[in-house]
Amino acid sequence: MKRDSLLATVAASAAATVNATSNSPSTVPREDLAISAPSNGRYLYRKHSGEPFFWQADTAWELFHRLNRSDIEFYLQDRASKGFNVIQAVAIAELNGTTWPNFYGELPLIDRDPMQPNEAYFAYVDWAVNRAADYGILVALVPTWGAYVNCGWYDQSWIIFNETSSRWYGNYIGARYPGLPKIIGADSNAFWSCNVSEASTEYLADPSLDPASLVGPVEDSRALFASMADGLREAEAEAGFTSFITWHPTNKREVGTVDPYGHNYMNGSFGNVSMDAVQSGHALADHTTLEQTFWPLQMWDSTKNYNNITEMRVAFSGPVIDLENHYEGAHYSFNASFPLWNASIVRHGLWNAFLSGSAGFTYGAHAVWQMYAPEAQLAHAELYMSPKLELAANNS
């Protein structure tokens, strides 16, 4: 496709999205917003109307966990006015999600048991999902942060799922939220050592240590996530939907394991992803820093996410996307001694992905994804969510 034609397509898609979303809510059945992905095609479609769908997402991981109803109303109105048509939000959130109640004093689970969901908590998720639909926004639902399945960037104490509870919980989420895209993995890779974070910290404290001696055995969590996906598919099929499932990896991988793309974790007997995905992430491939010399973890340069999109398109026949590029307002590699990712660089990454053939993009602001407010004691007071909604990249 010629450049002018391609840009015209982008403009038309953006215009359609702004028309579909509105800062004046109306009653829209969330099922009408459901999307589908062909197994041999690069584009997304509305399930019912067949209209092409361009994924224009905002990162709102802590939405259900941190915000009250009026905050969510404010957030949705803002995001709809800017043309976002998807928000990515987590049911069992990362930031103390099983121990710190939501605004209304509710935890997602009783006794941290995935087979004992708290009805009051999920009734609030119901309200938020339906309210987003009123604004024409589709919630891409993350059933659980990945660390609760396979440690992720934390440790063994975080794990609350086994194969039985994974399938049960997947079935629960699928039955309750049929037609919503589901994102599993959630900042984790299927091949991972539970003590990666601890080993990295030890090495940074004493670089004379042999990194390889610090990292524990690589564990395979594919069966756990596949069980959750099976539960999702079973329940959604009963509701008349074909599940839309993608995997959100982290942007580093352990030496000797496959590249962290969704299709490398869900394939064959483990089922397949509907849309392949990557987290290009927040790191620069600068091997002059001590952190980057911890060689058991390999990373890519997140400013070159066009390479990731290209590689996924070669290996996977369906739609592909970068679910997490740099967060605007975060430091490179989350290292406070480095500069911040600014609007220009973030915008560049979103265009890189699109022009390389992605099915859309996901924007993220560091203060917004965590729904930071001063009383939550998460970071700096100047990063309060409300003013950060007007960051330059998401307003253009």
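Answer yes or no: is there a residue in the range 285-295 that is closer than 28 Å to residue 37 by Cβ and either at pLDDT 95 or above or acidic (Asp, Glu) (or both). Checking the range 285-295: not a single residue is closer than 28 Å to residue 37 by Cβ and either at pLDDT 95 or above or acidic (Asp, Glu) (or both). Looking at 262, 240, 281, 271, just one residue is on the phi > 0 side of the Ramachandran plot and out of contact with any helix residue (DSSP H, G or I) (no Cβ under 6 Å at 6 or more places or on another chain), and that residue is 240. When residue 133 is tested against (1) under 30 Å from residue 292 (Cβ atoms); (2) in contact with a helix residue (DSSP H, G or I) (Cβ under 8 Å, 6 or more places away or on another chain), just one condition goes unmet, and that condition is (1). Quick one: which residue in 217, 211 is out of contact with any helix residue (DSSP H, G or I) (no Cβ under 7 Å at 6 or more places or on another chain) and surrounded by fewer than 22 Cβ atoms within 10 Å (Cβ to Cβ)? Result of the check over 217, 211: 217. Taking the range 237-279 and the strands (runs of 3 or more DSSP E) fully enclosed by it, the elements with 1 or more residues that are of a type outside the set (D, E, K, R), touching a residue at least 12 places away in the same chain (Cβ under 8 Å) and touching a strand residue (DSSP E or B) at 6+ places or on another chain (Cβ under 6 Å) are at 245-247, 276-278. Filtered by the rule that a residue be aliphatic (A, V, I, L, M) and surrounded by 19 or more Cβ atoms within 10 Å (Cβ to Cβ), the range 220-234 gives 224, 226, 228, 229, 232. Pull up the range 31-83, narrow it to residues that are in a helix (DSSP H, G or I) and among the small types (Gly, Ala, Ser), then point me to the one that is surrounded by the most Cβ atoms within 10 Å (Cβ to Cβ). Here the residue is 80. Being touching a Phe, Trp or Tyr at 6+ places or on another chain (Cβ under 7 Å) and over 30 Å from residue 212 (Cβ atoms) is the filter here; which residues of the range 296-321 pass it? Those that are touching a Phe, Trp or Tyr at 6+ places or on another chain (Cβ under 7 Å) and over 30 Å from residue 212 (Cβ atoms): 319, 321.
Number of residues in the range 199-228 that are over 18 Å from residue 298 (Cα atoms), modelled with pLDDT under 95 and in a helix (DSSP H, G or I): the value is 1. Put simply, of 359, 330, 336, 353 the only residue that is closer than 18 Å to residue 59 by Cα and modelled with pLDDT under 95 is 330. Look at (1) in contact with a Phe, Trp or Tyr (Cβ under 7 Å, 6 or more places away or on another chain); (2) surrounded by fewer than 19 Cβ atoms within 10 Å (Cβ to Cβ); (3) at pLDDT below 95 and you find that residue 282 fails only one, number (2).
The values are calculated or read from the model by the stated rules, or taken from the named source; none is laboratory data. As the structure is a computational prediction, the values presented were derived from the model and not from experiment. All Cβ positions, glycine included, derive from the backbone under ideal geometry; neighbour counts span all protein chains shown.
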